[in-house]
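Some notes on the structure that comes next.
The values are calculated or read from the model by the stated rules, or taken from the named source; none is laboratory data. The model shown is predicted, which means the values in this text are computed figures rather than measured ones. Don't worry about glycine lacking a Cβ; one is built from the backbone with ideal geometry, like all the others, and counts go over all protein chains shown. The protein model used for the area step is the full one, side chains on, heavy atoms only, and it has no ligands, DNA or RNA in it. Shrake-Rupley method; radii C 1.70, N 1.55, O 1.52, S 1.80 Å.
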Amino acid sequence: METNFTSSIFSQNSSKLPDDTVFYAIFPDFSLPVSKSPNPNITSLLQSLHLQILTTISPHTTHYIWQHEPFTLSLSSPSSTIPHLQAKLRFGDNLDDEWFVVFLLFQISLAFPSLSIRVWDTDGEFLLIEAAFHLPRWINPENSVNRVFIRRGELHIVPKSRLSSPSFLDSLQFLVNCGEESKASESVQLALRNRLSQYPERARRNVHRVRVRVPVSVAQVLKHEPCLISLAVEGFYDRDIDSMKYAAKMEKFLSKGTAEELVLVSVAMSRAMYAQLVQQTFQAPKCYPMPNRSDANVYMEAEVGMKIACGFEMMYQQRLRQGLEGKGSTWDAFKESLERSGYFEGLLPGSKEYRRLMENAEEYYRKSSLFSRASEMMSAPVRRMDEILALPHSTDDFKGQQIPPSDDDSWLYNGEDELNSALQERQKEMELYDLKQKKKQKSEPDQDAGPSSGSNLDDFDLGNISKTMQAFVHEMSTYEGAEVPENRDLKAVELDVDRFIKDMESVMRRPVHEDDTADVDSEEGSSSDMDFDESEDDSNVAEPSGDKDEGEDIFMQSYSDALNEELKSSTLKKSFVRANEQPNNRNEGTSNATEDMDDEFTPVDVDVNLVKSFLDSFASQQGLPGPASNLLGLMGVQLPQDAGKNK
């Protein structure tokens with residue numbers, strides 16, 4: 001990806017991205033550099049494209065209530081290497097907003113085939129996550145950077161076989177020139193189509209209308225700017241101790257206190273907003289005129305309205321005192337941005353060509369302002385609310401109106417069913433994916449599956465593990481350690497072997513069998529240092545005094561007894577398989593003491609325990625590289641994938 005692009009707020013570094021925001025960028029084909037000299041008409045072309053896109057999607061967005069901010073687009077900064085349109089949208093707790101944005105982007109790509117669109121969030125390429133069970137095996141989060149795009153209503157993944165490590169510009173040019181090769185598989189497209197097929201109908205269902213009783217000032221604001229309900233709910237839901245102080249006084253929206261008359265209005269909000277209001281317990285301020293509880297419906301309408309009014313008050317006062325008012329877009333700021341981008345091409349003010357460009361810019365500003373008005377107002381709500389409340393208004397304006405009943409809110413209490421349904425769908429996807437993988441493994445030839453294929457399990461002799469381990473120890477290792485392939489760049493361990501053995505002998509006092517000594521003598525030559533015989537006459541090792549030797553024996557005996565005592569309460573000894581063990585044939589009447597005594601004198605089956613430990617370790621790797629497979633690989637053994645499950 002280009003430097004200027006990644007240094008912007010659209011960087012894909014998830015650690016820097018807000019958790020509840022979706023980012024998107026639109027790259028038209030005409031913005032790609034075809035020569036070193038930039039196209040002077042790029043800005044005009046982007047402006048025209050901007051207006052066409054907003055006009056195309058406006059039927060879907062006009063009546064939609066966004067959780068925090070509306071869908072917008074803006075021109076990239078003049079310093080951008082690849083001129084484009086970009087934006088971000090905070091969806092908060094309403095995940096439907098994010099997927100509605102994706103739906104809009106797919107609609108834009110269908111209406112304008114020469115566009116390549118990027119969309120991502122904190123999770124990265126969340127479109128790939130949606131189609132995870134259908135993706136090619138080579139793609140992963142690390143190598144998916146600069147590969148995933150929306151183009152012509154379909155998902156495109158730039159193939160690794162064509163571009164191993166593409167830059168952002170490389171991928172865009174590949175989409176233009178070889179777009180057919182980057183199309184994702186039909187199963188991937190189908191997974192996304194299933195997710196987006198619910199829109200725009202789901203977007204319409206997401207709007208919930210409810211009857212509320214509010215002060216006339218709140219009704220006046222919502223009458224002129226219904227979209228401000230999102231800021232009121234946000235102010236209520238994100239309240240803290242400081243903002244609660246403003247709600248206790250209600251200076252702005254409840255000027256008459258308890259004498260204020262409440263009016264009945266219908267308010268449209270998202271389902272997430274409604275849930276945030278209804279599901280929270282909130283005590284009405286003492287100055288708020290709440291009706292009697294005798295009429296449950298009236299009281300509920302007033303309670304929801306009270307929460308909205310308090311949200312407006314807290315949001316208004318907090319922004320007013322903290323100076324959080326956005327400046328919005330002004331003509332002067334817009335004109336300055338055009339001058340910085342070289343829009344006027346160094347023309348003299350007043351010239352014919354300069355006036356033509358200025359007229360085009362003014363027309364674009366007027367038209368784009370119609371679409372950006374909502375976003376500008378959301379960034380400067382205090383100013384807009386002051387303008388609305390300065391207009392003449394009274395309770396009479398809201399009396400005698402036909403207010404439709406509230407929408408059914410049973411969906412609020414059926415969320416568990418919807419969640420279970422979604423989980424069942426995912427479960428079916430997983431089962432179908434596992435079934436396909438099993439069929440694929442059975443149908444693939446052995447050379448594709450490799451020696452680790454589960455199909456070779458019946459032909460695999462687990463006894464080979466024990467035999468190869470013994471051969472590895474006796475033939476490939478010495479007291480200096482195991483020999484590994486020469487191509488391994490391992491740092492030698494500095495160890496005085498003779499000194500180590502002397503120290504071990506002085507502590508362990510363990511005799512060596514004649515066979516072992518003979519093996520050592522035949523390979524390394526006779527050495528008295530390797531003789532572990534307890535005879536003082538045959539040992540060349542300096543023996544300690546008798547008192548010290550006796551003290552060491554007492555210490556070792558005490559240490560051994562303490563260790564055995566600790567292990568009595570554990571199940572460690574039961575984890576070993578012993579020779580000729582038949583656990584199912586034991587007498588139920590046999591005492592525990594007898595069983596313990598039998599275990600004490602029954603030798604451990606070393607080979608069986610070795611194989612069992614290898615299989616347990618191999619199974620825990622779940623098909624990934626690990627210590628068991630690495631060690632067996634050194635010995636030339638490759639276990640079948642199902643060996644760990646069928647031990």
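In table form, for the structure just shown:
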{"quantity": "Filtered residue count, the stretch 87-118, keeping only those that are under 18 Å from Pro33 (Cα atoms) and outside any loop (DSSP other than H, G, I, E, B)", "calculated": "3"}
{"quantity": "Failed item in (1) open to solvent by 60 Å² or more (accessible area, probe 1.4 Å); (2) at pLDDT below 65; (3) out of contact with any Asp or Glu (no Cβ under 7 Å at 6 or more places or on another chain); (4) under 30 Å from Ala232 (Cβ atoms), with Glu387 passing the rest", "calculated": "(2)"}
{"quantity": "Every pair of residues 6+ apart whose Cβ atoms lie under 6 Å, when the first sits in the stretch 341-355 and is within 19 Å of Ser77 (Cβ to Cβ) while the second is of a type outside the set (Phe, Trp, Tyr) and modelled with pLDDT of 70 or more", "calculated": "Ser341/Thr43; Tyr343/Thr43; Phe344/Leu357"}
{"quantity": "Residue that is nearest to Thr21 (Cα to Cα), among those in the stretch 55-72 that are more than 25 Å from the chain's Cα centre (by Cα) and hydrophobic (A, V, I, L, M, F, W, C)", "calculated": "Ile65"}
{"quantity": "Condition check for Pro166: surrounded by 15 or more Cβ atoms within 10 Å (Cβ to Cβ), free of Cβ contacts under 8 Å to residues at least 24 places away in the same chain and within 30 Å of Arg118 (Cα to Cα)", "calculated": "yes"}
{"quantity": "The stretch 129-157, residues that are part of a helix (DSSP H, G or I) and either open to solvent by 60 Å² or more (accessible area, probe 1.4 Å) or in contact (Cβ under 8 Å) with a residue 24 or more places away in the chain (or both)", "calculated": "Ile129, Glu130, Phe133, His134"}
{"quantity": "All positions within the stretch 234-243 that are under 33 Å from the mean Cα position of the chain (by Cα) and surrounded by fewer than 22 Cβ atoms within 10 Å (Cβ to Cβ)", "calculated": "Glu234, Tyr237, Asp238, Arg239, Asp240, Ile241, Ser243"}
{"quantity": "The one condition in (1) in contact with a Ser or Thr (Cβ under 7 Å, 6 or more places away or on another chain); (2) at pLDDT 85 or above that Ile42 fails to fulfil", "calculated": "(2)"}
{"quantity": "Odd one out for Phe253, checked against (1) under 30 Å from the mean Cα position of the chain (by Cα); (2) surrounded by 14 or more Cβ atoms within 10 Å (Cβ to Cβ)", "calculated": "(1)"}
{"quantity": "Yes/no for Gln67 being in contact (Cβ under 8 Å) with a residue 24 or more places away in the chain, open to solvent by 20 Å² or more (accessible area, probe 1.4 Å) and either in a helix (DSSP H, G or I) or not aliphatic (A, V, I, L, M) (or both)", "calculated": "no"}
{"quantity": "Leading residue by the ranking (nearest to Trp411 (Cα to Cα)) among those in the stretch 275-302 that are out of contact with any Phe, Trp or Tyr (no Cβ under 9 Å at 6 or more places or on another chain), in a loop (DSSP other than H, G, I, E, B) and open to solvent by 40 Å² or more (accessible area, probe 1.4 Å)", "calculated": "Gln279"}
{"quantity": "Condition met for Met378 (closer than 30 Å to Glu313 by Cβ, out of contact with any Lys or Arg (no Cβ under 7 Å at 6 or more places or on another chain), assigned to a helix (DSSP H, G or I) and modelled with pLDDT of 70 or more)", "calculated": "yes"}
{"quantity": "Checklist (1) more than 24 Å from Glu425 (Cβ to Cβ); (2) free of Cβ contacts under 8 Å to residues at least 60 places away in the same chain; (3) open to solvent by less than 30 Å² (accessible area, probe 1.4 Å); (4) not in a loop (DSSP other than H, G, I, E, B) applied to Leu172, failing item", "calculated": "(2)"}
{"quantity": "Condition met for Val265 (open to solvent by less than 20 Å² (accessible area, probe 1.4 Å) and either modelled with pLDDT of 90 or more or part of a strand (DSSP E or B) (or both))", "calculated": "yes"}
{"quantity": "Members of the stretch 197-233 found to be surrounded by fewer than 21 Cβ atoms within 10 Å (Cβ to Cβ), within 25 Å of the chain's Cα centre (by Cα) and part of a helix (DSSP H, G or I), listed by number", "calculated": "Arg202"}
